[in-house]
Each structure stands twice: as structure tokens, then as C-alpha cells.
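This report refers to the structure that appears directly beneath it.
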Amino acid sequence: MLEKYHNYIIDLVDSALSADYTRLRRLGNKIAKILADEDIEASNRLRLALRQKGVPLRTSGYGESLPVDGKSRLPLVEEQEWPTTPVFINASNENIIKDFLEDVKNLDLLSEKGISARLCLLLSGPPGTGKSLLASHIAAQLNKSFYVVRLDSAVSSLLGDTAKNIRSIFDFVPLHGGVLFIDEMDAVAKLRNDQYELGELKRVVNTVIQALDSLDDSAIVIAATNHSQLLDPAIWRRFPYKIEMGLPTDEVRKDIWNYYLFEDKDQSSLSSLLSKISDGMSGADIQTIALSARRHSILENEAVDIAGVVWAVLQTVDNKLVLPDRNGVTGEQKKKMSIFLAKKSINQTDIARLVSVSRQSVSAYLKEE
């Protein structure tokens, strides 16, 4: 069994002695994933070890220099690890991503044929739809470092310094060959015809536009915004690849429930029912409710409380997330759920599964109503 880990062990030692923690964690996560099929306890111990904070890179002599703000000396970008959780998107967006990845991987061939491509992707949509997660997955697919802009450092109280910071960030990209991710792009690229904005802020937008124009063909930039209507039209034109990350479809919600609540076990029927009643929820909210229920299940050493999950879903309205109660749901709450679900045209057998009562109890609830 040890033979298949030889290369991993060698690479682990090399990355550890180089204090290259990003590479070390990537390799460690790969080994943990393989171990999970053979020794789940060892896999969990390895994942726990990988979460520890290493010796500061500057102290260890690790030499990569990240751009910093001239006044505060805080880093303007930070390298983040590749994700360990999947991203769930609809088929049309998946096709756009495939096109983007193919263009990146075949950049030299396209250039030889005289076809240059600006490798800039803009993700828009409400919070919790997976924009940041998708960006990190793209970096992983390309086997490139994932650099995230720290807007708290980049946007200075001295507006002139903001433009300088932006130039430093974009100068950093082509030198390191990673993927640059700018979240909340509207913070530095608002409409320039906004009468309430200061002239200096408009110059910041001009700096962003000029920086995007100055990138070479191999530079990869992904930006995200929750407020696409605030972006300057010139910014839109500089991102040839665009993805609207809306709320998950019925099929995507089903996949999210199945992964986070049922650990990808064969619970497609229950996942479909939960998908039906969670229409309008973001993927992040579904994930949060599912993981909360699983934590209760592990700590109480009991089966997942499906009724508690359903109650949390039905109580989550207007983006005000409600988590499952550790103490479960009351008989009165089960009755209310049964009546509500019946009005949603869910049959009594399925209501019984969702509310965790017998079909006869559901029938009794509805007769009382």
C-alpha cells in the first residue's frame, strides 16, 4: 500500500523544507482524500493537522513577496488554498466555464493562429450563490495559485493611494501566473456617471480599466459582484466571459441537499422533496442548514432530524436564516408543517417522511384542520 504514496511523501518533505505551505496543504489534502477510503480516522487526523497555522513564511525564509499597501504595509492580495468542497452550478453556466478553461489551456495554440483572448471572467449574482467558490475551483482546475484581492487593504482612506494599490495588484498578476480574484468588484469599479461619487473615485475606476487593458494575454482575472447594476459599462466590456450566478435550480438544490445532508448517499427521493420546499433559497443557506443538522446528529449520536430541517427551511424567509433546533420540533410544529406542505400539493406519504410521523398522523392533522 505504501508504494502509491512514495511520490506524495517526497513532495511533502520537499514542500515542508521549502516552507511552501500552499503546496504542502494541497498535497496533504490529496493524501487525506485517498486515505478516507482506507482509514477514515487517519484521514481526519491529517485534515486536522493541515488546518494548523504554520511558522510565518517571512520567518522561515520563504521568499515570495506579495504587494503591500505603502502606508499600512498590509498585503494587498493573499494566496488561498484550493477548495475541498464541490461547487454546484447549472448546465448553461457549466458550459461557459468549460469554454473558459479550454481557452486558457489552449492559449498558445490560439495565439499561433492569431486569435488572442482576454482571460477575464465576471461572476455576478446575489450573496451565497457560490461565486468565490467557483473562482477557486477554476484555479484548481488550471493547477494555478489562487490570489484574492484584499479590498480592506487596497481601498485606502487616501483615495490617491487606492489607485496606486490597484496598479500594484495588477502588476503582480503576470509575474506569478496565478488566478487573480477580485470580490465585490463594484467597490472599485462603480458607474462613473454616479453624481454622488467623488471625482477621485472615478479616477480609481479609470485605473482599474487601464490596468485590465495593460494585462498580457496569459493573465487570468476573475471578478465577482453582488450588484451588477452598479458596475461601469466599460468594466463589463473588459470581461468577455460572464456568468450570472442566480439562485440554484430545482436540480441543483437537490444535489446540494444530497451532498451536505446525506453525504452523497442514495437519498434522492428525500433530496427531491427538500429541493421542492426550499425553492428560493441560496446554496449557502441550504449548506448551512444541512451541516447544522448533521452536527446535531453527530453530537447527539442520533439520526439526522429531517423534521427539524424542514421546519428550519419553512421558517427561513426574506433571507433571514433559521437553523434546526437541537431539541427537535414539537407536535404542534409537526401539525403546522403537515398542513402547510399539504397546501403545497405534497402527498400525505411524502409529508409523513418530511415531518417524521406516520401517514395516519398526517391524515389526522389534516382532518383536524
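The values are calculated or read from the model by the stated rules, or taken from the named source; none is laboratory data. This one's a predicted model, so the numbers in the text were calculated from it and none came from an experiment. For neighbour counting, all protein chains shown are included, and Cβ atoms are generated from backbone atoms with ideal geometry for every residue, glycine included. Each accessible area value is taken on the protein alone, full model and side chains, heavy atoms only, with ligands, DNA and RNA left out. Shrake-Rupley method; radii C 1.70, N 1.55, O 1.52, S 1.80 Å.
Summary table
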quantity	calculated
Carbon plus sulfur fraction of accessible area for region 212-369, probe 1.4 Å, in percent	46 percent
Rel. contact order, % - alpha carbon contacts under 8 angstrom, at least six apart, region 259-369	22 percent
Charge dipole (debye, nearest 20) of the chain; +1 at Cβ of Lys and Arg, -1 at Cβ of Asp and Glu	580 debye
Stokes-Einstein translational diffusion, the chain - Kirkwood Rh over all Cα pairs, 1.002 mPa s, 20 °C, in µm²/s	91 µm²/s
Other-chain or far-sequence residues with amide H under 5 Å of V68's (modelled H)	L76
Proximal lysines to K343, defined as alpha-carbon separation beneath 17 angstrom and excluding residues fewer than eight positions away on the same chain	K276, K334, K335, K367
Net charge contributed by nearby residues that have their C-beta within less than 15 Å of D325 (K/R +1, D/E -1)	+1
Residues of type aspartates and glutamates that K242 reaches as a straight line, Cα spacing below 18 Å, ignoring anything fewer than 8 places off in the same chain	E94, D99, E102, D103, D183, E184, D186, D213, D217, D232
The chain: antiparallel DSSP beta bridges as a percent of all, rounded to 5	30 percent
Sites K30 and K71 - FRET efficiency at Förster radius 30 Å, r taken between beta-carbons, to 0.05	0.15
Residue order for S43, S218 - accessible surface, 1.4 angstrom probe, largest first	S218, S43
Computed accessible area, K98, all protein chains, 1.4 angstrom probe, square angstrom	110 Å²
Most positive-pole-ward Cα, Q348, P75, L366, against dipole of the chain from beta carbon charges	L366
Largest-first ordering by accessible area, 1.4 Å probe, given options E332, E81	E332, E81
Under 12 Å, Cβ to Cβ, from H296 - net charge with Lys/Arg +1 and Asp/Glu -1	-1
Residue among V87, V329, V179 with the largest mean-square fluctuation in a Gaussian network model of the chain, springs linking Cα atoms under 10 Å	V329
Nearest-10 value in Å² for the accessible area of D217, using the 1.4 Å probe	70 Å²
Probe 1.4 Å, protein heavy atoms only - accessible area per residue of the chain in square angstrom	54 Å²
Region 71-193, accessible surface, carbon-and-sulfur percent (1.4 angstrom probe)	49 percent
Order of exposure, largest accessible area first, which applies to S282, S345 with probe 1.4 Å	S345, S282
